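Shown next, in C-alpha cells, is the structure this report addresses.
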Amino acid sequence: MSLGQRLKSGLGRQLRKRALTRYVLAQLTRLPKSSKGVVLSRIDKALYLIEQSGRGLEIGPSHNPIAPKSLGFDVDILDHASAEELRQKYRHHAVDIERIEDVDFVWQGQPLDELIGQHQCYDYIIASHVIEHTPDLVSFLQQCARLLKPDGVLSLVIPDKRYCFDYLRWPSSTGDVLDAYLQQRQRHSPGVVFEHMANAVKSDGQIAWAQGIMGDLEYVHGFEEAVAAWNQAQQTTEYQDVHQWRFTPASFRLVLHDLNRMGLTELREACRFDTQGCEFFISLSKGATPESNRMHLATDMMQEMRPA
C-alpha cells in the first residue's frame with residue numbers, strides 16, 4: 001500500500017466522520033510532504049482527501065485522468081468534447097489516447113450543476129489544470145459547491161505562473177476575479193486573449209519547467225499573431241481557450257481568503273502541497289477553517305514573486 005493510500009485510509013475516514021473539524025485540518029496542513037524517504041506523487045497529492053469508494057466527478061481530464069474508471073473509481077467525466085472527439089484531437093500527439101475516459105457530460109458553456117442536473121451528489125470533484133481557463137472563477141467555485149455533498153472535497157491542481165508560459169504575467173488579483181463575476185463572463189475578453197498571446201513564453205523551448213531551471217526565454221507567439229487573435233475575439237462569440245487566471249500558491253490563497261470573507265464561496269482551504277515541478281495542489285471543503293491573516297498571505301505572495 002502506498003503512503004498516499006495509507007494516509008487516505010486512516011485520515012480520510014476520520015475527516016468525514018468529524019466533518020473536517022478545525023483541529024484535524026490544522027494537522028493536515030502541517031503534515032510533511034514525505035515520510036521515511038517516500039515522497040508523495042502528484043496523484044497522491046491530488047487524491048489526498050479523497051476516498052476511492054466515494055462518488056466523484058473529474059473535470060477536463062482529457063488524456064491524463066487522475067481518478068480513472070479503469071482503476072475502480074466511481075467517477076463521472078466532464079469534458080469539452082466527447083471521448084471520440086478527444087481521441088481524434090490527440091491522435092497525432094505524443095500521448096496515450098487509450099487513457100481517454102468515456103465522457104459522461106459534454107460541457108457547452110452552461111453551469112456545471114445545470115448540465116449534471118443534480119445538487120449535493122458528489123463526494124469529491126477533481127479539476128487538474130482547469131480553473132486557470134475558467135472565464136468566471138467565482139461562479140465555477142459556486143457551481144462546484146452546489147455539486148458537492150456537505151463534507152465533499154474539491155481537489156485542484158493549479159499551474160504555478162512562475163514556472164510556465166505565464167511567467168511574464170502578474171498574478172491575478174481579487175479585483176480581477178470580482179470583475180469577471182459581476183460581468184458573468186462566459187468567454188474571455190479580447191484584452192485577455194491578447195495578453196495571453198502576446199506574453200506567453202518558453203524557457204529553453206519548454207512551456208513549463210521546474211523551480212531553479214530557468215533558461216533563455218522566447219515568445220511563443222509573434223506580436224502580429226496576438227493582434228490577430230485580439231481582432232478575432234472582438235468579432236466572434238466562440239470561446240477562445242486561454243489562461244484567464246495566473247496564480248502562485250500564496251496569490252491563490254489570498255484570492256480565496258477574500259472570496260470567503262465576502263461570502264462569495266463557502267469552499268475553504270482544507271489542505272495544500274506547495275509547488276513541485278510547475279504545479280501546486282490545494283483541496284477545498286465547505287467545512288474547513290478559513291485562513292485568518294490576510295497580511296501574511298499578501299507578504300507571502302510578494303516573497304514568491306521575488307527573483308530567485
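The values are calculated or read from the model by the stated rules, or taken from the named source; none is laboratory data. Just so it is clear, the model here is predicted, and its values are computed rather than measured. Glycine gets a Cβ as well: all are built from the backbone with ideal geometry, and neighbour counts include every protein chain shown. To get the accessible areas, we keep the full protein, side chains included, count just its heavy atoms, and leave off ligands, DNA and RNA. Shrake-Rupley method; radii C 1.70, N 1.55, O 1.52, S 1.80 Å.
Take the conditions out of contact with any Pro (no Cβ under 6 Å at 6 or more places or on another chain), over 18 Å from residue 253 (Cα atoms) and free of Cβ contacts under 8 Å to residues at least 40 places away in the same chain and apply them to residue 205. Does it pass? It is true that residue 205 is out of contact with any Pro (no Cβ under 6 Å at 6 or more places or on another chain), over 18 Å from residue 253 (Cα atoms) and free of Cβ contacts under 8 Å to residues at least 40 places away in the same chain.
Let's see how each residue does on (1) open to solvent by 50 Å² or more (accessible area, probe 1.4 Å); (2) farther than 24 Å from residue 272 by Cα:
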| site | (1), (2) |
| --- | --- |
| 67 | no, no |
| 70 | yes, yes |
| 79 | no, yes |
| 85 | yes, yes |
| 93 | yes, yes |
| 100 | no, yes |
| 103 | no, yes |
| 106 | yes, yes |
| 125 | no, no |
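Mind checking which residues of region 96-131 are among the polar types (S, T, N, Q) and more than 21 Å from residue 51 (Cβ to Cβ)?
Within region 96-131, the subset among the polar types (S, T, N, Q) is 108, 110, 118, 120, 128.
Answer for region 96-131, where residues must be among the polar types (S, T, N, Q) and more than 21 Å from residue 51 (Cβ to Cβ): 108, 110.
Just to be sure I understand, how many residues within region 271-296 are open to solvent by 60 Å² or more (accessible area, probe 1.4 Å), of a type outside the set (D, E, K, R) and outside any loop (DSSP other than H, G, I, E, B)? Total meeting the criteria: 3.
If a residue must be in a strand (DSSP E or B), charged (D, E, K, R) and either without any contact (Cβ under 8 Å) to a residue 40 or more places away in the chain or buried (at least 20 other Cβ atoms within 10 Å of the Cβ) (or both), how many such residues does region 143-157 contain? Lay out the reasoning, then the answer.
Residues of region 143-157 in a strand (DSSP E or B): 148-157.
From what's left, charged (D, E, K, R): 149, 151.
Narrowing further to those that are either without any contact (Cβ under 8 Å) to a residue 40 or more places away in the chain or buried (at least 20 other Cβ atoms within 10 Å of the Cβ) (or both): 149.
Selection size over region 143-157: 1.
Determine whether residue 223 is at pLDDT 95 or above and open to solvent by 90 Å² or more (accessible area, probe 1.4 Å). Answer is yes for this residue.
Screening region 163-270 for helices (runs of 4 or more DSSP H) wholly inside it with 3 or more residues that are under 23 Å from residue 303 (Cα atoms) returns the ranges 174-182, 249-261. Among the residues of region 233-261, the one identified as free of Cβ contacts under 8 Å to residues at least 12 places away in the same chain and open to solvent by 60 Å² or more (accessible area, probe 1.4 Å) is 235. Within region 186-196, being open to solvent by less than 50 Å² (accessible area, probe 1.4 Å) and within 21 Å of the chain's Cα centre (by Cα) holds for 188, 189, 192, 193, 196.
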